[in-house]
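To keep things clear, I will list the structure first and then write my remarks on it.
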Amino acid sequence: MSTEKRFNLRVYGIVKNSEGEILISDECRNGHSFTKFPGGGLEAGEGLTECLKRELKEELDINATIGELFYVNDFYQESAFRKSDQLISFYFGVSDYSSVISTTNHTVPVTEEGENFRWVSIDELSTEMMTFRIDKVVVEKLKSL
């Protein structure tokens, strides 16, 4: 296992529906359950908005219009999955997308491998729902608007 230090660039969407609810992702990967915003890792040769469009297409099967940059973490964050990685996460607003987003009625935390989505009202959205520190900061910023 490599211990080479590296940056891990992540891009996430703050997806809102017409009722003002926020989409969150409940996932289980390699036996780890977590809740976060939809999105993922930047690939070589990709721009930030291209990455988010690709991730939303892969995860949700939507063609999204990416809005304004909402937040970039300004503090050191070690990856929960690869301790040698430093995360830099970019969050963009997303309100225009091509189709209905499929959500499920599932139990949290998710214990089976995969990804499930749910809408949460801004009033119900809380830092306690989110697993990762950066997402918690984003929730605080969303709640302060």
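The values are calculated or read from the model by the stated rules, or taken from the named source; none is laboratory data. Model, not experiment: these values are computed from the prediction. All Cβ positions, glycine included, derive from the backbone under ideal geometry; neighbour counts span all protein chains shown.
Scan segment 104-145 for residues that are in a helix (DSSP H, G or I), in contact with a helix residue (DSSP H, G or I) (Cβ under 8 Å, 6 or more places away or on another chain) and farther than 20 Å from Phe81 by Cα and the total you get is 3.
Restricting attention to segment 69-103, the residues that are closer than 19 Å to Arg29 by Cα, at pLDDT 95 or above and part of a loop (DSSP other than H, G, I, E, B) total 0. Taking each residue of segment 80-94 that is farther than 17 Å from Gly39 by Cα and touching a residue at least 24 places away in the same chain (Cβ under 8 Å) and looking for partners that are part of a strand (DSSP E or B) and among the basic types (Lys, Arg) with beta-carbon atoms closer than 6 Å, six or more apart or interchain, yields Asp85/Arg6.
Screening Asn116 with (1) surrounded by fewer than 12 Cβ atoms within 10 Å (Cβ to Cβ); (2) at pLDDT 95 or above; (3) not aliphatic (A, V, I, L, M) gives one miss only, at (1). Here Val108 meets each of (1) in contact (Cβ under 8 Å) with a residue 24 or more places away in the chain; (2) touching a Phe, Trp or Tyr at 6+ places or on another chain (Cβ under 9 Å) with one exception, condition (2).
The residue of segment 1-55 that is surrounded by the most Cβ atoms within 10 Å (Cβ to Cβ), among those that are without any contact (Cβ under 8 Å) to a residue 60 or more places away in the chain and part of a strand (DSSP E or B), is Gly39. Regarding Glu55, is this residue among the acidic types (Asp, Glu) and over 13 Å from the mean Cα position of the chain (by Cα)? Judged against the criteria, Glu55 is not a match.
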